[in-house]
Structure formats: C-alpha cells, structure tokens
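Each reported figure results from applying straightforward, stated rules to the coordinates on display, with no laboratory input. What you see is a predicted model; the values in this text were computed from it and never measured. Heads up, the Cβs are rebuilt from the backbone with ideal geometry, glycines too, and the neighbour counts pull from every protein chain shown.
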Amino acid sequence: MSLDGAYDDGNIFAKIVRGEIPSVTVWEDDQVLAFMDVFPQSKGHVLVISKTSKARNLLDAEAKTLGRLIGAVQKTARAVRAALKPDGLVVTQFNGAPAGQTVFHLHFHIIPRWDGVPLGRHGEGMADTDALKALAAQIADRLER
Ligand code: AMP
C-alpha cells in the first residue's frame, strides 16, 4: 500500500480499538492505547496508537494527534525501561508498505534491546498471551502517574 489512500476501518488496530479482537493492553486513556505486539521483535515490544485518529501514517496525522502520541510513547518507553532494564530502546514508525508498514493505522513501536541479544524479525513468531500479559503488568506497574 502506498503513502496515499483512504483509511480502512477494517484494519486490525481499528478492530482492537473497537474491542472486536483481543489485545494485551499496557495502558490507555480516552485518546491513546499502548498494547503488546503479538509478534514481538524483543521481550517487551509495545505498540502505541491513537484511539481517535484515522491517520494511516505520520504524514497523514494531525499535529495534535502526533503531540499526544509522542508523549504517550515517552511515557510508555520510560515504563518499559523501569520495568525491564534494557540496555537500549528503539522507537520505530513505518510509512507505506515499501518502508515496512503492514498495518495502516499510525503506530509507534517501542522495542527494548539488550547487549548481545539480536533483534527478532519484524512480524514473526507469535508470543504466548500469558507471557505478554505478565510483561504488560510489569510495564504498567512502572508507569509514572
Ligand atoms: P508495522 O509493520 O509497522 O505496520 O507493524 C505492525 C505491527 O503490528 C507488527 O509488529 C505486528 O507484529 C503487529 N501486530 C499485528 N497484528 C497484531 C495484533 N493483533 N496484536 C498486536 N500486534 C499486532
């Protein structure tokens, strides 16, 4: 899918926001949802999305949405760091299929990294739901209030 085009309400993250398919929530408010990636590239891989915007990518997004999202990314990344003590932490965001985007609802990846531990491949290897729930609880416990 190119950078241009209409937002598809049937995309998987739209379904998660509407509660039509399950996800493992880390935290949410009226505008933002942080949840565990089911095909994690590392332990503690979290996705952050807007619950209200129909932006497909960074280029579509309203400035206000981006402001809320990047604040939510920082809040979540701080909690991931506090909970899991990674040596580093990657934040990624893909725009268009050629850039690696597979779900066309704007999202940020937070991927903790440890020295000597290779990065898993993007979108491969489904995680155990109970393990994701345990990680989400650990991360949520370290959110700054
Ligand atoms: P991207 O390739 O940047 O569009 O990222 C989409 C991400 O969504 C990938 O990392 C997938 O592992 C992840 N993903 C796909 N389906 C789900 C799902 N149902 N719940 C959580 N994460 C998902």
Please compute P(r) over all alpha-carbon pairs of region 30-133, binned at 10 Å starting from zero, and give each bin as a whole-number percent. 15, 47, 33, 5
Using Cα atoms only, what is the angle between the long axis of helix 63-84 and the major principal axis of the chain, expressed in degrees (0 to 90) to the nearest 10? 20
When N counts the residues of region 84-145, how does its alpha-carbon radius of gyration compare numerically with 2.2 N^0.38 Å, as a ratio? 1.29
Other-chain or far-sequence residues with amide H under 5 Å of Trp27's (modelled H): Ala34
Anything over 21 Å Cα to Cα? Flag those among Lys51/Lys75; Lys43/Lys64; Lys54/Lys133; Lys64/Lys85; Lys85/Lys133; Lys15/Lys75, in the order listed. Lys43/Lys64; Lys54/Lys133; Lys64/Lys85; Lys15/Lys75
CD proxy, 222 nm, the chain: helix-only mean residue ellipticity via -39,500 (n - 2.57) per DSSP H run with n ≥ 4, per residue, nearest 500, stands at -9000 deg cm²/dmol
When the charge dipole of region 49-145 is computed with +1 at the Cβ of Lys and Arg and -1 at the Cβ of Asp and Glu, the Cα pointing farthest to the positive end, of Ala136, Leu66, Ala79, is that of Leu66
Long-range amide H contacts for Arg113: which residues qualify at under 5 Å (H placed 1.01 Å from N, peptide plane, sequence gap of 5 or more or a different chain)? Asp87, Gly88, Leu89, Val90
